[in-house]
Amino acid sequence: PASSLDELVALCKRRGFIFQGSEIYGGLQGTYDYGPLGVELKNNLKQAWWRRNVYERDDMEGLDASVLTHRLVLYYSGHEATFADPMVDNRITKKRCRLDHLLKEQPEEVLGRLYRAMEVEEGNLHALVQAMMQAPERAGGAMTAAGVLDPATAEPGDWTPPRYFNMMFKTYVGPVEDEASLAYLRPETAQGIFVNFKNVLDSTSRKLPFGIAQIGKAFRNEITPRNFIFRVREFEQMEIEYFVRPGEDEYWHRYWVEERLRWWQEMGLSRENLVPYEQPPEELAHYAKATVDILYRFPHGLEELEGIANRTDFDLGSHTKDQEELGITARVLKNEHSTARLAYRDPDTGKWFVPYVIEPSAGVDRGVLALLSEAFTREELPNGEERIVLKLKPQLAPIKVAVIPLVKNRPEITEYAKRLKARLQALGLGRILYEDTGNIGKAYRRHDEVGTPFAITVDYDTIGQSKDGTTRLRDTVTVRDRDTMEQIRLHVEELEGFLREKLRW
Ligand code: ATP
């Protein structure tokens with residue numbers, strides 16, 4: 001695996017996986033652009049998720065809701081009031097920091113002074129942040145007195161009282177910019193699923209339990225985007241809302257934690273780098289009955305890759321009409337605008353109730369970062385040289401096969417290779433690349449670095465011009481394996497079976 005984010009960032013830029021957003025104008029912080037290989041890897045990951053969760057199940061439907069979201073959706077979901085992170089400013093450097101991130105980076109003795117000043121049990125960072133937000137004036141003074149360091153200068157700062165900063169991006173729909181035209185870029189894909197619950201139910205006649213799956217962009221104005229694509233302002237989520245009967249929610253919550261852990265392993269992440277973390281009661285969001293985060297050992301630390309929450313009837317209960325009749329258990333805002341009954345009529349008893357929901361919510365970009373990190377390998381070769389190999393699962397590799405002509409100046413060889421590329425491409429296994437940049441050694445090295453599992457070389461033997469004067473190797477090619485670097489010779493008619501076998505899920 002990668003030992004630092006820096007070596008991944010460098011590889012991503014060098015080989016065309018990921019670039020800084022708006023780079024030529026100095027970069028737009030918290031945005032990244034996926035390059036020729038990055039887009040393939042990301043698409044492959046999303047497709048694998050969709051296949052597993054929609055196509056291979058009989059209890060799931062897909063959805064693609066819009067990014068632009070009515071203000072009332074995010075009012076009733078609670079985001080307008082509470083989708084905020086605590087933030088402080090350093091009066092000296094004017095540097096703005098997310099409070100919990102800032103505290104995590106402090107030396108132990110500084111943090112110890114702050115715990116004592118705020119009278120919070122030492123070691124419970126979550127409780128410390130909560131106490132500080134309840135007494136912001138006192139907290140600002142305590143931070144300054146405790147000598148909390150500014151990460152930019154490593155000097156003690158003069159800190160303002162912390163305050164909440166709402167992370168939603170606002171925009172205006174239509175030509176007039178006023179309160180009435182205010183809308184949001186969605187901060188999560190989930191709300192699009194909840195507000196379409198009745199549409200999906202009515203159009204598919206699903207019975208509980210069933211789920212709705214969605215992949216799409218989400219936007220958060222993070223106070224401090226950082227760690228490459230780990231924390232960005234524009235990202236993608238893969239989210240499932242799985243609707244169940246109250247009472248069956250705990251079973252399904254456990255089920256989804258196991259299922260999601262299994263799936264990440266099938267994507268190539270090793271079990272020892274995946275850590276399920278059950279949120280203690282004091283960390284839980286107010287609507288959640290239980291949350292298990294799947295943490296991954298990223299190069300920058302053990303951090304959240306996916307969260308799996310039991311959200312009870314909070315979401316549908318928040319957005320439904322007829323709230324009083326439905327016996328909602330969660331604490332919800334009184335809804336005076338919704339036109340839909342987001343509930344389920346028990347086919348046996350005829351009684352209406354609001355389903356509970358289990359939400360496995362994964363970040364695509366964090367997934368890509370985890371895959372890259374896990375796959376990154378430095379190997380010493382027998383001749384003492386070093387090679388970098390990206391040991392991605394072949395199914396996820398951006399390029400499945402590189403078809404390489406041994407020489408570039410023999411039209412019989414290059415034309416043969418081009419025809420072979422087209423033929424393999426038609427199998428629908430993903431991207432097949434005709435590769436004639438550089439010499440063969442360079443091509444191998446480049447494809448090792450980007451994780452191409454197979455390199456097929458078309459040579460003199462292929463076109464029936466073997467050194468021994470025979471044509472017995474006509475229509476055979478060499479196939480080089482990325483990981484073992486071993487080469488075998490196959491007849492071109494064998495390639496389809498070989499590749500289908502190797503690239504099968
Ligand atoms: P964090 O605590 O790291 O800010 P979160 O708990 O707010 O994350 P959720 O609201 O649970 O995150 O979002 C679900 C998933 O979306 C996360 O597990 C993560 O993979 C992804 N995600 C959330 N915020 C970001 C971000 N700023 N950049 C990239 N991915 C993100």
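Key figures
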| read-out | value |
| --- | --- |
| Interchain or long-range residues, amide H under 5 Å from GLY211's placed H | MET60, GLU61, PHE243 |
| Calculated from backbone phi, Karplus (6.51, -1.76, 1.60) coupling profile of the range 459-476 in Hz, x at Gly/Pro | 10, 4, 4, 4, 8, x, 10, 5, 4, 7, x, 8, 10, 5, 9, 3, 6, 10 |
| Low-density loop positions, trypsin sites (Lys or Arg not before Pro), the range 152-254 - DSSP coil, at most 15 other Cβ in 10 Å | LYS207 |
| Cα gyration tensor shape for the range 9-140, rounded if a/c is under 1.5, else prolate or oblate | prolate |
| Derived scalar couplings ³J(HN,Hα) [the range 381-393; Karplus, 6.51 cos²θ - 1.76 cosθ + 1.60; whole Hz; x for Gly, Pro] | 8, x, 7, x, 6, 10, 10, 9, 10, 9, 8, 6, 4 |
| Sparse-neighbourhood loop sites, GluC sites (Glu not before Pro) in the range 1-89 - DSSP loop, at most 16 other Cβ within 10 angstrom | GLU56 |
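Bear in mind that the values in this text are calculations on the coordinates, not laboratory data. Here the structure is a predicted model, which means the values were calculated and not measured. Ideal geometry is used to build each Cβ from the backbone, glycine not excepted, and the neighbour counts take in all protein chains shown.
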